[in-house]
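**Q** I have a structure I would like to understand better, so I am pasting it below and will then ask my questions one at a time.
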There are 2 protein chains.
Amino acid sequence: MTAPTTGPPPASDPPTLLVLDADPLPRLGRLTGRARVEHADEATLAERLPHADVLLVWDFTSHAVRHAWPGEGPRPRWVHTASAGVDHLMCPELTASDTVVTNARGVFDQPIAEYVAALVLAMAKDLPRTLELQRSREWRHREGQRVAGTRACVVGSGPIGRTIVRTLKALDITTALVGRTPRTGIHGPDDLDRLIARADWVIAAAPLTEQTYGMFDTRRFGVMQPSARFINVGRGQLVVEDALAEALTKRWIAGAALDVFEHEPLTADSPLWGLPGLIVSPHMSGDTIGWRDELGTQFVELYERWEAGRPLLNVVDKQRGYVPGR
Amino acid sequence: MTAPTTGPPPASDPPTLLVLDADPLPRLGRLTGRARVEHADEATLAERLPHADVLLVWDFTSHAVRHAWPGEGPRPRWVHTASAGVDHLMCPELTASDTVVTNARGVFDQPIAEYVAALVLAMAKDLPRTLELQRSREWRHREGQRVAGTRACVVGSGPIGRTIVRTLKALDITTALVGRTPRTGIHGPDDLDRLIARADWVIAAAPLTEQTYGMFDTRRFGVMQPSARFINVGRGQLVVEDALAEALTKRWIAGAALDVFEHEPLTADSPLWGLPGLIVSPHMSGDTIGWRDELGTQFVELYERWEAGRPLLNVVDKQRGYVPGR
């Protein structure tokens, strides 16, 4: 996706690039002399935001942008977030403004797809139980499940969902992809219940929007097969966690894996840690060695486009809350 | 692989089919009236073997055939083992005899390849540690490894090794396959050290023969990269277990997974259960739901060929100890 340039050259020269997060950023050295780099944390963001030309949301776990965004006053003309999701920064004022928002589309696709394949195969081969038996030094032969020929329903038709489909297909898993808008090779929301009702693997990889919030609820878990497993690598709020807990406890489904949660980090007292048949991981599916470097490189490349007045890439449709797909 | 028929029609009518193992066998009912089915256990095998036309080694964990095989006297003209490996039954007298040996070639290929993919992905994504942290309710973000672009060396060029290669390639892993005889797409033993020296994943899937016994020893683990992981889904005796223990303890390699062992089942006092970075599983890589059924079907199909005087399939080269490949 490309978009028109973001208007006249910046007011300051070099432009002020405000970075949310004080951590050292790989690759940003390439912009020396071409950007005045300033850092902000959650406490100083509101004060610094009006003076910035560009905001780089490097700490993508923060919700500070939403709270600090200036209403009508001076504001950055471009916001980039080093994440696939943008739900943590969007607010009505930002949506209404002419500020362009871009995301890290592309960086996480393959790592997340591999992570999903790792979970699917681990559950099929009963690997968590194998590790448990190893700890108690018990030799107990069991039968695994063959994944070839099983059926997956992937919810979310962006590049992450599509890469998951490609990876699962490579393992001879039959896949169906569900998106907001039906088109060639992609089912619309109307097909969702029918598809998850016969899926062995239901995989959530959708952006968090008004349409997807809480979509995996008691009714949806009730539709799934008792042998089905559910995996969420999208956003925690796609899932009603209590409903999943009930589905697992009552064996409506055979298992689940969550990499994202309604509240992150998950606190030690969360009942989710101990749910039967649930694998809990700390929002790491997209994060492979070298990922920060890739995020830095991607931002620098976008900055060079912006600097040259060329159209930006990965431009988020602020109404919809994601980069519209091909 | 096909072979000539196994000589004149059987002495008894219907032929005597001796099954090593008293467990009920799926699919054998189809032979009712066409075979006199008798069962033997380790104690009675030697006594019954001379009266059998066919021996079905259904309990493939047993080494009883090797000990009970009659020297020059009457003996089955065909032995089938419900396993890929034949090392547990071969003895000089059986090798020298005109008895045909067949195996379960084909049944285990895809399950084992999926199992290897499960282990590769689990190790790349640090899944064992994730499950450990889950038990202690600790949220600790880590970076996984991207498997795409990594390098695997698969040792063993039979159908199992070749299916592993195909599956890993589907995950965009660069693969090299090593067999006994170099041919198109398959490296010979001379390339082994060079290939394992640069592999991220070294996967043992070879039959147990004089050439492969103990091939993964101190020297070979010493050649591997510190970041390498080793997986054995072949036979336990391919690996010098003490050498692997040393390699893991001294961090010569980053991790390993063993599904097969020198002595099975592994006893509770084995130090292997607790080795750092080692995943222990109970010889289950090829065993997926329905596998006994498949093994039964495969044997019945072979029996029908034998009965009709047609060439058998999956005929083992008794000198080499495996079914020679295409």
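Residue by residue, here is whether (1) charged (D, E, K, R); (2) crowded, with 21+ Cβ neighbours inside 10 Å; (3) out of contact with any strand residue (DSSP E or B) (no Cβ under 8 Å at 6 or more places or on another chain); (4) part of a helix (DSSP H, G or I) holds:
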site	(1), (2), (3), (4)
B:Glu38	yes, no, no, no
B:Gly73	no, no, yes, no
B:Val79	no, yes, no, no
B:Leu94	no, no, no, yes
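Conditions tested, residue by residue: (1) touching a helix residue (DSSP H, G or I) at 6+ places or on another chain (Cβ under 7 Å); (2) at pLDDT 85 or above; (3) in the same structural domain as B:Pro74 (by the TED database).
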residue: B:Thr2; (1), (2), (3): no, no, no
residue: B:Pro8; (1), (2), (3): no, no, no
residue: B:Asp21; (1), (2), (3): no, yes, yes
residue: B:Leu28; (1), (2), (3): yes, yes, yes
residue: B:His39; (1), (2), (3): no, yes, yes
residue: B:Glu47; (1), (2), (3): no, yes, yes
residue: B:Pro50; (1), (2), (3): no, yes, yes
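**Q** Looking at (1) surrounded by fewer than 24 Cβ atoms within 10 Å (Cβ to Cβ); (2) in contact with a Ser or Thr (Cβ under 8 Å, 6 or more places away or on another chain); (3) assigned to a strand (DSSP E or B), which one does A:Val101 not meet, given that it meets all the others?
**A** Answer for A:Val101: the failing condition is (1).
**Q** Report, by residue number, each residue of segment B:106-120 that is under 18 Å from the mean Cα position of the chain (by Cα), more than 7 Å from chain A (Cβ to nearest Cβ) and part of a helix (DSSP H, G or I).
**A** Just the residues of segment B:106-120 that are under 18 Å from the mean Cα position of the chain (by Cα), to begin with: B:106-119.
Subset that is more than 7 Å from chain A (Cβ to nearest Cβ): B:106-109, B:112-113, B:116, B:119.
Passing the criteria: B:Asp109, B:Ile112, B:Ala113, B:Val116, B:Leu119.
Quick grid of which residues meet (1) exposed (fewer than 14 other Cβ atoms within 10 Å of the Cβ); (2) not in a loop (DSSP other than H, G, I, E, B):
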residue: B:Leu208; (1), (2): no, no
residue: B:Arg220; (1), (2): no, yes
residue: B:Ser227; (1), (2): yes, no
residue: B:Ile231; (1), (2): no, yes
residue: B:Gln237; (1), (2): no, yes
residue: B:Ala245; (1), (2): no, yes
residue: B:Arg251; (1), (2): yes, no
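**Q** To continue, here is another question. Out of the residues in segment B:293-313 meeting the condition of being among the charged types (D, E, K, R) and within 11 Å of B:Leu28 (Cα to Cα), tell me which one is nearest to the other protein chains (Cβ to nearest Cβ).
**A** So in segment B:293-313, the residues among the charged types (D, E, K, R) come out as B:293-294, B:301, B:304-305, B:307, B:310.
Restricting the remaining residues to those that are within 11 Å of B:Leu28 (Cα to Cα) gives B:293, B:301.
Values: B:Asp293: 11, B:Glu301: 20 Å.
Filtering segment B:293-313 for residues that are among the charged types (D, E, K, R) and within 11 Å of B:Leu28 (Cα to Cα), the one nearest to the other protein chains (Cβ to nearest Cβ) comes out as B:Asp293.
**Q** Condition (residue is assigned by the TED database to the domain that holds B:Ile231, touching a His at 6+ places or on another chain (Cβ under 9 Å), over 17 Å from A:Ala122 (Cα atoms) and not in a strand (DSSP E or B)) applied to segment B:159-175: is it met by at least one residue? Can you show your working first?
**A** Step one: filter segment B:159-175 for residues assigned by the TED database to the domain that holds B:Ile231, giving B:159-175.
Of the ones still in play, those that are also touching a His at 6+ places or on another chain (Cβ under 9 Å) are none.
No, segment B:159-175 has no match at all.
**Q** Tell me the residue from A:Leu258, A:Leu248, A:Leu244, A:Leu208 that is modelled with pLDDT of 95 or more, away from chain B (no Cβ under 13 Å) and closer than 21 Å to A:Glu132 by Cα, please.
**A** Numbers: A:Leu258 fails: away from chain B (no Cβ under 13 Å); A:Leu244 fails: closer than 21 Å to A:Glu132 by Cα; A:Leu208 fails: closer than 21 Å to A:Glu132 by Cα.
After ruling out the rest, the residue left standing is A:Leu248.
**Q** So, one more: Restricting to segment B:270-292, give me the number of residues that are part of a loop (DSSP other than H, G, I, E, B), out of contact with any Asp or Glu (no Cβ under 7 Å at 6 or more places or on another chain) and within 7 Å of chain A (Cβ to nearest Cβ).
**A** First pass over segment B:270-292, keeping only residues part of a loop (DSSP other than H, G, I, E, B): B:270, B:275-277, B:281-287, B:289-290.
Applying the additional criterion that residues be out of contact with any Asp or Glu (no Cβ under 7 Å at 6 or more places or on another chain) yields B:270, B:275-277, B:282, B:286, B:290.
Within this subset, residues satisfying the condition of being within 7 Å of chain A (Cβ to nearest Cβ) are B:282.
Result for segment B:270-292: 1.
**Q** State yes or no: is B:Gly188 more than 30 Å from A:Ile164 (Cβ to Cβ), touching a strand residue (DSSP E or B) at 6+ places or on another chain (Cβ under 8 Å) and either touching a residue at least 60 places away in the same chain (Cβ under 8 Å) or of a type in the set (Phe, Trp, Tyr) (or both)?
**A** no
**Q** Additional query: Could you pull out the residue among B:Trp273, B:Trp306 that is surrounded by fewer than 19 Cβ atoms within 10 Å (Cβ to Cβ) and aromatic (Phe, Trp, Tyr)?
**A** Details: B:Trp306 fails: surrounded by fewer than 19 Cβ atoms within 10 Å (Cβ to Cβ).
Exactly one of B:Trp273, B:Trp306 is surrounded by fewer than 19 Cβ atoms within 10 Å (Cβ to Cβ) and aromatic (Phe, Trp, Tyr), namely B:Trp273.
**Q** Filtering segment B:121-148 down to residues that are part of a loop (DSSP other than H, G, I, E, B) and acidic (Asp, Glu), which residue is farthest from the chain's Cα centre (by Cα)?
**A** Going through segment B:121-148, the residues part of a loop (DSSP other than H, G, I, E, B) turn out to be B:125-126, B:136-143, B:145-148.
Those still in the list that are acidic (Asp, Glu) too: B:126, B:138, B:143.
Working: B:Asp126: 26, B:Glu138: 38, B:Glu143: 34 Å.
Ranking the candidates gives B:Glu138 first.
**Q** Of A:Val233, A:Val223, which residue is under 17 Å from A:Leu258 (Cα atoms), among the hydrophobic types (A, V, I, L, M, F, W, C) and touching a residue at least 24 places away in the same chain (Cβ under 8 Å)?
**A** Testing whether each residue is under 17 Å from A:Leu258 (Cα atoms), among the hydrophobic types (A, V, I, L, M, F, W, C) and touching a residue at least 24 places away in the same chain (Cβ under 8 Å) leaves just A:Val233.
**Q** Against the definition (away from every other protein chain (no Cβ under 12 Å), without any contact (Cβ under 8 Å) to a residue 12 or more places away in the chain and at negative phi), how does B:Asp217 come out, yes or no?
**A** Details: away from every other protein chain (no Cβ under 12 Å): yes; without any contact (Cβ under 8 Å) to a residue 12 or more places away in the chain: no; at negative phi: yes.
So B:Asp217 fails the test.
**Q** From (1) within 14 Å of another protein chain (Cβ to nearest Cβ); (2) outside any loop (DSSP other than H, G, I, E, B), pick out the condition that doesn't hold for B:Ile203.
**A** Every listed condition holds for B:Ile203 apart from (1).
**Q** If you take the residues of segment B:49-71 that are under 18 Å from the mean Cα position of the chain (by Cα) and under 15 Å from B:Phe299 (Cα atoms), which of them is surrounded by the most Cβ atoms within 10 Å (Cβ to Cβ)?
**A** Among them, the one singled out is B:Leu56.
**Q** Moving to a separate point now. Cβ-Cβ distance below 6 Å, separation of 6 or more or different chains: which pairs start in segment A:157-180 with a residue that is within 14 Å of chain B (Cβ to nearest Cβ) and end on one that is polar (S, T, N, Q)?
**A** A:Thr163/A:Gln110; A:Val165/A:Thr175; A:Leu168/A:Thr175; A:Lys169/A:Thr175; A:Ile173/A:Thr150
The values are calculated or read from the model by the stated rules, or taken from the named source; none is laboratory data. Small disclaimer: the values here were computed from a predicted structure and weren't measured. Heads up, the Cβs are rebuilt from the backbone with ideal geometry, glycines too, and the neighbour counts pull from every protein chain shown.
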